Amino acid sequence: TMSATNLNGIASFAPFVGILCASLVLPLGIRFITLCSGALGGACAWAIAAPLVQRSPVALLVFVLVAKFTFSPMLTCVKVMKAEAFPTEVRGSMLAVMHFLAKFACMLAPTLEEL
């Protein structure tokens, strides 16, 4: 078995691998990468919730790693799409507001879950 420290180290390296994999299919477009990353991440999240996968540590690790592979490419593509959506005059302000609201929602989510 692997220690929790080693598993955490492997899982922390996964987003970099995801960015490298996404860069190989970049000519297909950022919307395609976003769609594929979202579908693959959702499928992995669904699989992680399955009792059969939860009973197998190796399968669970594989699905968690694949899900983590999808986060960085998806977030990077969404940031590029946000930058493309706004004209230059309002881009800085709108991106700042969107990032603030996203971080505020992340901060508020655990509290709302407890209610």
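The values are calculated or read from the model by the stated rules, or taken from the named source; none is laboratory data. What you see is a predicted model, and the numbers here were worked out from it, not measured in a lab. Note that each Cβ is placed from the backbone with ideal geometry, even for glycine, and that neighbours are counted across all protein chains shown. Accessible surface is based on the protein model in full, side chains and every heavy atom, while ligands, DNA and RNA are left aside. Shrake-Rupley method; radii C 1.70, N 1.55, O 1.52, S 1.80 Å.
Any chance region 4-24 includes a residue that's free of Cβ contacts under 8 Å to residues at least 40 places away in the same chain and touching a helix residue (DSSP H, G or I) at 6+ places or on another chain (Cβ under 7 Å)?
No, region 4-24 contains no residue that is free of Cβ contacts under 8 Å to residues at least 40 places away in the same chain and touching a helix residue (DSSP H, G or I) at 6+ places or on another chain (Cβ under 7 Å).
Looking at the structure I just gave you, is residue 86 surrounded by 14 or more Cβ atoms within 10 Å (Cβ to Cβ) and touching a Cys at 6+ places or on another chain (Cβ under 9 Å)?
For residue 86, the condition - surrounded by 14 or more Cβ atoms within 10 Å (Cβ to Cβ) and touching a Cys at 6+ places or on another chain (Cβ under 9 Å) - is not met.
Please state which one of 45, 105 is open to solvent by 50 Å² or more (accessible area, probe 1.4 Å), within 29 Å of residue 2 (Cα to Cα) and small (Gly, Ala, Ser).
Result of the check over 45, 105: 45.
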